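Structure first, commentary second.
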Amino acid sequence: MRDVKGIWSAMALVAVALFVASGALGRERPDPCGLPTALLHVVEGVTVTSYWTVQESVYAAADPDAPKITVPVIVDEETGEIAYYTCIKAFLQEIKTEGWGETIEGEFLGWWDGAYHLGPAPLDAQGNELVTYRTVAVDPAVIPLGAWVVILFPPGIPAYDSGTYRLRCRMFHATDTGVEGPWVDVYVGDQYALDMNETPDAYYIENARVLWSLSFRALWEYLRKCVPCPLTP
């Protein structure tokens, strides 16, 4: 009798296990590549451009007789001390667009708050040195400063053309400002041509999709699992 009871008990346990398993299998499992909004965020319709450190030497090589002007430069942020720099006019004008430039003497001039400033290196909005193909400028109202960013391109853009391949599958750091709205401006390093807009490092891409997260690890793990491309950390 005890053996019969044991068999029935075992069968009952098996039935319960099968019932639980069938219920678990019947439930819809979450998509492993879904975006958990607590950590990962999406911005649609993003414009992607690029910026660089303007080089006075490039202007001098293109035209040794290029006109120069003298401008005041704030050389001490604490005291407001001003010095006067004489540089190629076109070089100084371009700094107002790109943010930073390097003089022929190797000094770095930045432009903000309506004035030129002397700096130790090209710096972002948080005072950190700009890093080529890592630093991006964003609108903090759209993507917060300090976020990690990945750019996903709209259909129709070749995966490995002469320029955009350097933007694909790469983790960027949003530490600079200077754009408005859904916009990502990628820092591409030093100017090396008089017209940088004719180089592969000049971008103007519309309707890109941007993923961002304040957690480097969360974004990296999502990309590693869900984006089919070699990643650049």
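G99: buried (at least 17 other Cβ atoms within 10 Å of the Cβ), of a type outside the set (K, R) and at pLDDT 95 or above, yes or no? Considered against the rule, which asks whether it is buried (at least 17 other Cβ atoms within 10 Å of the Cβ), of a type outside the set (K, R) and at pLDDT 95 or above, G99 comes out as yes. Tallying residues that are closer than 19 Å to E129 by Cα and crowded, with 19+ Cβ neighbours inside 10 Å within segment 81-96 yields 1. Is it the case that some residue within segment 169-190 is in contact with a Cys (Cβ under 6 Å, 6 or more places away or on another chain) and touching a residue at least 60 places away in the same chain (Cβ under 8 Å)? Within segment 169-190, one or more residues are in contact with a Cys (Cβ under 6 Å, 6 or more places away or on another chain) and touching a residue at least 60 places away in the same chain (Cβ under 8 Å). The lone criterion from (1) within 30 Å of V149 (Cβ to Cβ); (2) at pLDDT below 95; (3) out of contact with any Cys (no Cβ under 8 Å at 6 or more places or on another chain) left unmet by C33 is number (3).
All conditions in (1) at pLDDT 95 or above; (2) within 12 Å of the chain's Cα centre (by Cα); (3) in a loop (DSSP other than H, G, I, E, B) hold for R168, with the sole exception of (1). Entry remark, segment 50-88: residues being touching a helix residue (DSSP H, G or I) at 6+ places or on another chain (Cβ under 9 Å) and either without any contact (Cβ under 8 Å) to a residue 40 or more places away in the chain or part of a strand (DSSP E or B) (or both) number 15 in total.
Can you tell me how many residues in segment 113-131 are on the phi > 0 side of the Ramachandran plot and either acidic (D, E) or in contact (Cβ under 8 Å) with a residue 60 or more places away in the chain (or both)? Summing the residues that are on the phi > 0 side of the Ramachandran plot and either acidic (D, E) or in contact (Cβ under 8 Å) with a residue 60 or more places away in the chain (or both) in segment 113-131 gives 1. Pairs linking a residue in segment 98-112 that is at positive phi to a residue that is of a type in the set (A, V, I, L, M, F, W, C) and surrounded by fewer than 16 Cβ atoms within 10 Å (Cβ to Cβ), with Cβ atoms under 8 Å and 6 or more positions apart or on different chains, are G99/W112.
The values are calculated or read from the model by the stated rules, or taken from the named source; none is laboratory data. These numbers come from a predicted model, not from an experiment. Positions of Cβ are backbone-derived with ideal geometry, glycine not excepted, and every protein chain shown enters the neighbour counts.
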